[in-house]
Amino acid sequence: MGGYVVTVEFRLKPGAFERFRKLIVENARASVRDEPGCRQFDVVTPQGDTDRVILYEIYDDAAAFDAHKKTPHFAAFDRDSAPLVAAKVVTLGKLEYAGADG
């Protein structure tokens, strides 16, 4: 199984949600579609908190995540979303079990 897991929690500036949402969904779609090492890229908005967005990403390994950070779609997202973000926390980890494995 295995996998390299990246979670990112964004705190957005007030009123930035709709613009940020568009940017992150474009980035997530391109990542899954265009990056062979990107297995999953989920975008989550916690109930009742539109100034917070959580990402849950799974890559084959750290090299695949490093490749993700060098793509044009990531560079565009990073550049265009920076003014919308108040804070960001990135957590890296190893996938130990995926419930879909049965």
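Do you know which residues across segment 1-22 are touching a residue at least 60 places away in the same chain (Cβ under 8 Å) and within 14 Å of the chain's Cα centre (by Cα)? Break it down stepwise before answering.
At the first step, the residues of segment 1-22 found to be touching a residue at least 60 places away in the same chain (Cβ under 8 Å) are 1-13, 16, 19-20.
Hits for segment 1-22 are 4, 5, 6, 7, 8, 9, 10, 11, 20.
Identify all residues within segment 72-101 that are of a type outside the set (A, V, I, L, M) and surrounded by 12 or more Cβ atoms within 10 Å (Cβ to Cβ); write none if there are none. Break it down into steps so the answer makes sense when it comes.
The initial filter retains those residues of segment 72-101 that are of a type outside the set (A, V, I, L, M), namely 72-74, 77-81, 83, 88, 91, 93-94, 96-97, 99, 101.
Selection gives 73, 74, 77, 78, 80, 81, 88.
Please verify whether residue 31 is of a type in the set (S, T, N, Q), part of a helix (DSSP H, G or I), under 19 Å from residue 5 (Cα atoms) and modelled with pLDDT of 95 or more, treating the condition exactly as stated.
Spelling it out, residue 31 is indeed of a type in the set (S, T, N, Q), part of a helix (DSSP H, G or I), under 19 Å from residue 5 (Cα atoms) and modelled with pLDDT of 95 or more.
Return the residue satisfying two criteria in turn: it lies in segment 34-71 and is acidic (Asp, Glu), surrounded by fewer than 18 Cβ atoms within 10 Å (Cβ to Cβ) and not in a strand (DSSP E or B), and of such residues it is modelled with the lowest pLDDT. Step through it out loud before you land on a result.
Of the residues in segment 34-71, the ones acidic (Asp, Glu) are 34-35, 42, 49, 51, 57, 60-61, 66.
In the following step, the residues that additionally are surrounded by fewer than 18 Cβ atoms within 10 Å (Cβ to Cβ) were identified as 34, 42, 49, 51, 60-61, 66.
Right, trim to not in a strand (DSSP E or B) and you get 34, 49, 51, 60-61, 66.
On the way: 34: 97, 49: 90, 51: 95, 60: 96, 61: 96, 66: 97.
The extreme case among them is 49.
From 53, 89, grab the single residue that is within 29 Å of residue 2 (Cα to Cα) and in contact with a helix residue (DSSP H, G or I) (Cβ under 8 Å, 6 or more places away or on another chain). Full working, then the answer.
Working: 89 fails: in contact with a helix residue (DSSP H, G or I) (Cβ under 8 Å, 6 or more places away or on another chain).
One residue alone meets the criteria, 53.
The values are calculated or read from the model by the stated rules, or taken from the named source; none is laboratory data. The model shown is predicted, which means the values in this text are computed figures rather than measured ones. FYI the Cβ positions are ideal-geometry reconstructions off the backbone, even for glycines, and counts take in every protein chain you see.
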